[in-house]
Amino acid sequence: MKSRIQATNQQSKIHMNSYNHLLKLNHSAIVTLDSDLIIKDVVGASRILSHHQADSLRGVDYLSLVAPDYQNLVVDALKSLESYAIEYPLLQGQHQQWVRHQADHTSERGSECSFIIQAIEAPTHQSPVNEIAIRERTLLDTLPDMLIVIRQNGVITDFHTSSDTQSLGIHDDVIGQNISDTKLPQALLDETQLYLDVGVPDYVQSIEFSADDTTDNDYFEARLVRLSNDEIMILIRNMTAMKRVQDDLNQHIEDLNLVRQVNIELSADLDMEYVSPLALDAALRMTHAQAGYLAMRESEGGFKLLSHLGAYDEAYLQLHLTNQVGIIGRILKHNRAELILDVSQDPDYIPALEDTHAMMAIPLLSKTQTVGVLVLETALDDRFSRERFQFLQLITGRIAAFLDNAILHRQTKQHLEEVRELEQLKTDMIRIANHDLKNPIAGIMGYMELLRFDIKDKLSESERAYLDKIDVAAKKMQRITSGILSLERIEQLKDQQNLKTVNLMSLVNQSVSEQMDYAVRSEQILYRHLPDDNIYVQGDPLQLHEAISNLVQNAIKYSPPQSHVHVTLDIVGQKARVIVEDNGFGIPEDQQERLFSPFYRVTTRETRFIEGTGLGLHLVKNIIERHSGEMIFESTYGEGSTFGFTIPLMLPSLVG
Ligand code: ADP
């Protein structure tokens, strides 16, 4: 925003200079009055109103400056809606200064009015109004730095110039010359000739050209205005400063776009390997640096090179960073970014590249700590500027925040990995124990049966209850071991292609029928919704049966009496879908994430005392994935759950 305001100011300054210049040359002033004819502004007044300072004229009644005999003339003229030119004397102390007062209706702005007064020696024959109107309108419009009037034959009849058009290389002595003999740029001459040849009547033509024979290549705009049948006016304006302002503005806009883009890129991804080259690249682009690197602080306090561009020796650079010496050491010590315009003058400088001339070294500070360093280098002595350095600061905060996030992300990932490893270890240990437990449990169960059979009658009530408890515990152990065995079986089948055509319709039907008893015992209603036709998939019927049964059992098990369980089989797209829906206890959201991990059990008030191993869902998921299928799961605590899966339909050509 600031740069835009500066630019506008600069532009109006350019306008003002052109105005003043031209007005001085013409001994003219532009006067602006308000509706009470009080002077609001005067530009270029010096000679005509020599008695008054331009500033002190502000607020003065204009009529008080006009010779009394002419005041009515002026009032009438000012009321006119047409363009006009009048002549009258202005009071200059004891003296009078004749002026020609010209206005055209286009210079009216609301209640204000502007006109030009030009000092003249004495009253003259007034020019036709139209001619003046066009001249003045054009003057007001274009504020030229050079004004040339030529006849139809090309001969120059009038010429005014200011220092802003020096690079065009023509001077006052051109009056009387033919325009084609002047040193004006060919582009302008060609355009003028064309205008003369075509003979366009009252028409303004704009052309742009540059004084390409000069080294600084000034940039101009010319307007060709036909004044009469025989006269053309060429108004030339030096646009160089304006163009520079415009270029500057464009550069700023480009810069801001770059910042915006970098911000988007940096927030799009947390992957350090992907984003760090992007961040470095943005920094290089923003500063026009030729080389540089980005390093991140490690948890032990050292720095790790993330990304670099340039002929660096990576090992050397890493050493440099690890030891935090030289300029790096200094900026880290003071936590302050530095622009070193000439590294040869810096006693701390240790070269990492051969011909570095200037350097930017920036510690990247997140909220609480230094998370990295950014170094940019150039071999050129005019590449880095304070402005570029400050501009870079716009994104360093963003890069630091990104590093901060990425470090956090990495730590979380590491943590998760550790958890996963622990989980695997747990599973492995249980698996090993399972093998060792299988036989002893079978032993316990066997001897239990014998005991029951042999001494049943000799036992007291409480002794029999103890025996029942041993039985329940042993059966639970057996369930765990058999669950683990199922898992192992599936794992072992992983690579074996043991696929059969499975009629999913009869499989679902069978599984539901088998669970009917359990549902009745649990005082629940079990519904089945089956399609009219058979549905075939490829797979292992035993495993799929186990998966469906598990889901139906769970739905009954984790629902209170009087609940409803719906089992549905249908087709969606190219897949068969099995859904088991209950309106039971449901699962709290914060416990859903690990639901399919082995041995994971949900703990809620309602399900606390329900027995289980935490292996069922893990097993189901394994089976379904082995069948190239996907799990379906949704649950709301207190409302119920939906478990299910989809697996690809068998190709019709294979259904035999
Ligand atoms: P288990 O039933 O042996 O505990 P599972 O792996 O089958 O093990 O299920 C894991 C957990 O998911 C269970 O402890 C139970 O809390 C929850 N759960 C499974 N199915 C349902 C369901 N239909 N409704 C509510 N909770 C369920």
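Quick notes
- Residues (under 19 Å from Leu332 (Cα atoms) and not in a helix (DSSP H, G or I)) located in the stretch 371-409: Val371, Gly372, Val373, Leu374, Val375, Leu376, Glu377
- Of residues in the stretch 214-228 being over 38 Å from the mean Cα position of the chain (by Cα) and modelled with pLDDT under 75, the one surrounded by the most Cβ atoms within 10 Å (Cβ to Cβ): Thr214
- Test for Phe609: is it within 12 Å of the ligand (Cβ to nearest atom) and not in a loop (DSSP other than H, G, I, E, B): no
- Just one of the numbered conditions (1) surrounded by fewer than 14 Cβ atoms within 10 Å (Cβ to Cβ); (2) not in a helix (DSSP H, G or I) is not true of Ser344: (2).
- Unique match (being at pLDDT 80 or above and either surrounded by 10 or more Cβ atoms within 10 Å (Cβ to Cβ) or within 21 Å of His618 (Cβ to Cβ) (or both)) among Ala433, Ala401: Ala401
- Selected residue (criterion: nearest to the ligand (Cβ to nearest atom)) from residues of the stretch 557-573 that are more than 45 Å from the chain's Cα centre (by Cα) and not in a strand (DSSP E or B): Tyr558
- Tally, over the stretch 297-341, of residues that are in a loop (DSSP other than H, G, I, E, B) and of a type in the set (Gly, Ala, Ser): 6
- Subset of the stretch 612-641 (residues that are more than 8 Å from the ligand (Cβ to nearest atom) and either closer than 18 Å to Gly586 by Cα or among the β-branched types (Val, Ile, Thr) (or both)): Ile623, Ile624, Met631, Ile632, Phe633, Glu634, Thr636, Tyr637, Gly638, Glu639
- When the stretch 628-647 is filtered for residues that are surrounded by fewer than 21 Cβ atoms within 10 Å (Cβ to Cβ) and assigned to a loop (DSSP other than H, G, I, E, B), the ones remaining, listed by number, are Ser628, Tyr637, Gly638, Glu639.
- Residue within the stretch 518-532 that is within 16 Å of the ligand (Cβ to nearest atom), out of contact with any strand residue (DSSP E or B) (no Cβ under 9 Å at 6 or more places or on another chain), part of a helix (DSSP H, G or I) and of a type in the set (D, E, K, R) present: no
- Residue that is in a helix (DSSP H, G or I) and either under 30 Å from Leu65 (Cα atoms) or modelled with pLDDT under 80 (or both), where the choices are Glu208, Glu136, Glu121, Glu191: Glu136
- Hits in the stretch 309-324 - residues which are small (Gly, Ala, Ser) and within 15 Å of Pro363 (Cα to Cα): none
- For the stretch 574-599, the set of residues classified as more than 6 Å from the ligand (Cβ to nearest atom), free of Cβ contacts under 8 Å to residues at least 40 places away in the same chain and out of contact with any Ser or Thr (no Cβ under 8 Å at 6 or more places or on another chain) consists of Asp590, Glu593, Arg594, Phe596, listed by residue number.
- Residues of the stretch 389-410 satisfying the condition of being without any contact (Cβ under 8 Å) to a residue 24 or more places away in the chain and more than 21 Å from the chain's Cα centre (by Cα): Leu408
- Any hit, the stretch 486-501, residues being more than 16 Å from the ligand (Cβ to nearest atom) and crowded, with 20+ Cβ neighbours inside 10 Å: no
- Some residue of the stretch 587-595 being part of a loop (DSSP other than H, G, I, E, B), surrounded by fewer than 15 Cβ atoms within 10 Å (Cβ to Cβ), within 49 Å of the chain's Cα centre (by Cα) and of a type in the set (S, T, N, Q): no
- Residue match in the stretch 642-654 (condition: farther than 29 Å from Leu499 by Cβ and near the ligand (Cβ under 8 Å from one of its atoms)): no
- Note on the stretch 590-633: residues that are farther than 24 Å from Leu485 by Cβ, modelled with pLDDT under 95 and acidic (Asp, Glu) total 3.
- Candidates Ala379, Ala401 - the one that is small (Gly, Ala, Ser) and closer than 27 Å to Ala311 by Cβ: Ala379
- Residue satisfying all of: in the stretch 305-356; in contact with a Leu (Cβ under 9 Å, 6 or more places away or on another chain) and polar (S, T, N, Q); modelled with the highest pLDDT among these: Ser307
The values are calculated or read from the model by the stated rules, or taken from the named source; none is laboratory data. These figures come from a predicted structure and were not determined experimentally. When we count neighbours, we look across all protein chains shown, and the Cβ atoms used for this are built from the backbone with ideal geometry, even at glycine.
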